[in-house]
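**Student:** One structure is given below, represented as C-alpha cells, and several questions about it will come after.
The values are calculated or read from the model by the stated rules, or taken from the named source; none is laboratory data. All values derive from a computational prediction rather than experimental measurement. Heads up, the Cβs are rebuilt from the backbone with ideal geometry, glycines too, and the neighbour counts pull from every protein chain shown. We work out accessible area using only protein heavy atoms, side chains counted, and drop any ligands, DNA or RNA first. Shrake-Rupley method; radii C 1.70, N 1.55, O 1.52, S 1.80 Å.
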Amino acid sequence: MALPARDHRIGLAEAAALTKSYPAAKVSEEKAGAFHKDQVLELLNQPGCVALRVYYARLVDGKPALVLTGMDKQDKDLTGGVILEQHFPCPPFCDPGSSLNG
C-alpha cells in the first residue's frame, strides 16, 4: 500500500511541545540525531525513492541509533542502496538556543 498524501509540516510550537514530551518516556539522554545533507540527498535521490523511513534502533552498546532508508512507491524499503546511520547525537551536537531542544 502506497503512503497516502499527507502534509508532514507542523508549526514550531507544536514541534516544540512534541520534543518536550519525549523526555517523559526517556530511555536515554539522547534527544535527536543529525545527518549531513549530502548523504541524505544521496539516499533520497536513489532511483525509485519517493519517501524516507526512519527506524529507531539500538547499537551493540545499547545506545540509540537512527537508521534511515529510502522507500519506493509500494512502501518497500530500498535496502540495495544507500542506508544511513552513524548520526551525530544530541547531546553533544545540539542547538542550545532551539525551542525544539526541550
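**Student:** Over the stretch 47-96, with every protein chain in place, what whole percent of the accessible area is carbon and sulfur at 1.4 Å, could you tell me? Please list the in-between numbers first.
**Tutor:** Values: 2060 of 3360 Å².
In the stretch 47-96, the share of accessible area belonging to carbon and sulfur is 61 percent.
**Student:** I've got another one for you. Full extension from Asn101 to Asn45: what is 0.36 nm times the residue separation minus their Cα-Cα distance, to one decimal in nm? The partial results should precede the final answer.
**Tutor:** On the way: separation 56, 0.36 × 56 = 20.16 nm, distance 2.92 nm.
Between Asn101 and Asn45, full extension yields 17.2 nm more.
**Student:** Shifting gears a bit: If you average 1/r over every pair of different alpha-carbon atoms in the stretch 38-102 and take one over that average, what Kirkwood value in Å do you get?
**Tutor:** Numbers: mean 1/r = 0.0752 Å⁻¹.
Mean inverse Cα-Cα distance, inverted, gives 13.3 Å.
**Student:** By average Cβ neighbour count within 10 Å, what is the ranking of 96-102, 48-54 from highest down?
**Tutor:** Details: 96-102: 12.1, 48-54: 13.7.
Per-residue mean Cβ counts within 10 Å order the peptides as 48-54, 96-102.
**Student:** For Glu29 and Phe93, calculate 0.36 nm times their separation in residues minus their Cα-Cα distance, and state this gained length in nm to one decimal. Don't jump to the answer; show the numbers that get you there.
**Tutor:** Values: separation 64, 0.36 × 64 = 23.04 nm, distance 1.24 nm.
Roughly 21.8 nm would be gained on extension.
**Student:** How far, in nm, would the chain grow between Gln74 and Leu52 when pulled straight, counting 0.36 nm per residue and subtracting the alpha carbon separation? Walk me through the numbers on the way to the answer.
**Tutor:** Working: separation 22, 0.36 × 22 = 7.92 nm, distance 1.27 nm.
That works out to 6.7 nm of additional length.
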